[in-house]
1. If each DSSP helix of 4+ residues adds -39,500 (n - 2.57) and the sum is divided by the residues in the chain, what number results at 222 nm, nearest 500 deg cm²/dmol?
2. If you place +1 on the Cβ of every Lys and Arg, -1 on the Cβ of every Asp and Glu, and leave all else neutral, what size is the dipole of the chain about its Cα centre, to the nearest 20 Debye?
3. Among DSSP beta bridges whose residues both lie in the chain, state the antiparallel percentage, nearest 5.
4. Could you work out the relative contact order of the stretch 30-128, using alpha carbon pairs under 8 angstrom and six or more residues apart, expressed as a whole percent?
5. What distance in nm separates the simple spin-label points at Val36 and Met55, each placed 7 Å from Cα in the Cβ direction?
6. Below 9 angstrom from the Cβ of Met116, what's the summed charge of the other residues (Lys, Arg +1; Asp, Glu -1)?
7. Net charge near Ala50: determine it from the other residues with C-beta under 14 Å of the C-beta of Ala50, scoring Lys and Arg +1 and Asp and Glu -1.
8. In the chain, with Lys and Arg counted as +1 and Asp and Glu as -1 at Cβ, which of these residues, Gly98, Ala50, Leu83, has the Cα nearest the positive end of the dipole, that is, farthest along it?
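Coordinate-derived values only; no laboratory data. The structure displayed is predicted, hence computed values, not measured ones. Cβ sites come from the backbone with ideal geometry, for glycine too, and all protein chains shown count toward neighbours.
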Amino acid sequence: MNGMSTLSTSVEPLDPDPQPGGAPSETGGRLVFRLVGEAGIKAAGDLERAVNRLMSRKPAALVIDVSGLQFLASLDIGLLVTLGRTVIKGGGKVAVAGARGSVLDSLTRTGIDRVMPVAATLDEARLLVAA
């Protein structure tokens, strides 16, 4: 790591085809929160802002896609747990998708699966959060 934050995040519709008439709404809905790069200590501020924006949307279903992560710090795992608990508390469903290697090891050690299920693929996670 070169000391710079190398994390990027995006929020996309969980379902490939949005409802007739357009884009996903600003609140509610079924979303994928995609993380790509390295979620180290230096990325925590950026991740926290992204998590806060996402929590304000109050998704009914959320998949946290970590398949593009090479590293995930414990501080960042805490932010994802907060996100998951907030979605669940609001009546939504949440799952983590695509964790492997050191990211999967980190998630397993922290016991994130006691808060939300961890699926090997996005398709498996999509089924876990289905209504």
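1. Values: 4 runs with 46 residues, N = 131.
So the helix-based figure for the chain works out to -11000 deg cm²/dmol.
2. Working: 14 positive and 13 negative charges, 84 e Å.
I would put it at about 400 debye.
3. DSSP beta bridges in the chain are roughly 35 percent antiparallel.
4. With pairs under 8 Å counted, the relative contact order is 30 percent.
5. Distance between the two pseudo-spin positions: 2.6 nm.
6. On the way: positive: Arg85, Lys93, Arg114; negative: Asp113.
Local charge sum for Met116: +2.
7. Numbers: positive: Arg34, Arg49, Arg53, Arg57; negative: Glu12, Asp46, Glu48, Asp65, Asp76.
Charge balance in the 14 Å sphere: -1.
8. Looking along the dipole axis, the top candidate is Leu83.
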